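Student: One structure follows; several queries about it will come next.
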Amino acid sequence: MRIVYVRRILKILAVLLGEDEGRYMCIPASSVMKVFDKIFNPGSDYLKNLFDELSREGTLKIQKFGRGFRICIVKDDEFKKIKDFIFLPELETKLTLEDFENLFDEALIKLSAGSVTGFVDLGKVREYMLRHYGIPEDLFVTYVQKLLVSKRWKYAMCHGGSFRLKIGNVHVGLVKLVRR
């Protein structure tokens, strides 16, 4: 099994099963091992050597997480292409700014339910919208910037968060819906 295939399979698994951790998408090591055992049946020592090699090259890192481990894959250009391929980028032409605004507001309302202040991390909103609505990342960035600039009265913005956008001269990463 070539390391290129392993790298791509890990990125696909990260897109489908991963949890966003800023620069990385992390998935439980047990889930990865189950998939690799079913597809390739290569043996644990062989996989451990491959993962060590990928770790040395900087593609992934292995972290202790709870009682087990998780594999964190770096989000690079290939990762973004895989994510856009899986989540239907052809919706890009059909989605208007008004439709996006409605979806964005719904995501903010849903994700702010657990927040004390009402602010939501833009990274979590991005991941939610990419997964649930199939919106490509570049379209998300473009439309969010347009919304936050043109409708400043509707949204409150703050520094912080795992994903930041430049609005004017400020980098914002937390957003709150003020008025509907």
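Student: Looking at the structure I just gave you, is Ile109 within 20 Å of Cys26 (Cβ to Cβ) and of a type in the set (Val, Ile, Thr)?
Tutor: Spelling it out, it is not the case that Ile109 is within 20 Å of Cys26 (Cβ to Cβ) and of a type in the set (Val, Ile, Thr).
Student: Output yes when any residue across the stretch 104-123 is assigned to a helix (DSSP H, G or I), among the aliphatic types (A, V, I, L, M), more than 22 Å from Arg23 (Cβ to Cβ) and in contact with a strand residue (DSSP E or B) (Cβ under 6 Å, 6 or more places away or on another chain), and no when none is.
Tutor: Yes: the stretch 104-123 contains one or more residues that are assigned to a helix (DSSP H, G or I), among the aliphatic types (A, V, I, L, M), more than 22 Å from Arg23 (Cβ to Cβ) and in contact with a strand residue (DSSP E or B) (Cβ under 6 Å, 6 or more places away or on another chain).
Student: If a residue must be outside any strand (DSSP E or B) and surrounded by 13 or more Cβ atoms within 10 Å (Cβ to Cβ), how many such residues does the stretch 133-159 contain?
Tutor: 17
Student: Take the conditions of a type in the set (A, V, I, L, M, F, W, C) and either modelled with pLDDT of 90 or more or surrounded by fewer than 20 Cβ atoms within 10 Å (Cβ to Cβ) (or both) and apply them to Leu130. Does it pass?
Tutor: Answer is no for this residue.
Student: Name the single residue that is surrounded by the fewest Cβ atoms within 10 Å (Cβ to Cβ) among those in the stretch 29-77 being of a type in the set (D, E, K, R) and under 18 Å from the mean Cα position of the chain (by Cα).
Tutor: Residue satisfying both the conditions and the ranking: Asp77.
Student: Another question, if that's okay. Would you point out which residue out of Phe51, Phe85 is at pLDDT below 85 and under 13 Å from Arg7 (Cβ atoms)?
Tutor: Only one candidate passes the filter, namely Phe51.
The values are calculated or read from the model by the stated rules, or taken from the named source; none is laboratory data. Keep in mind it's a predicted model, so treat the numbers as computed, not measured. No Cβ is skipped: glycine too gets one built from the backbone with ideal geometry, and neighbour counts run over all protein chains shown.
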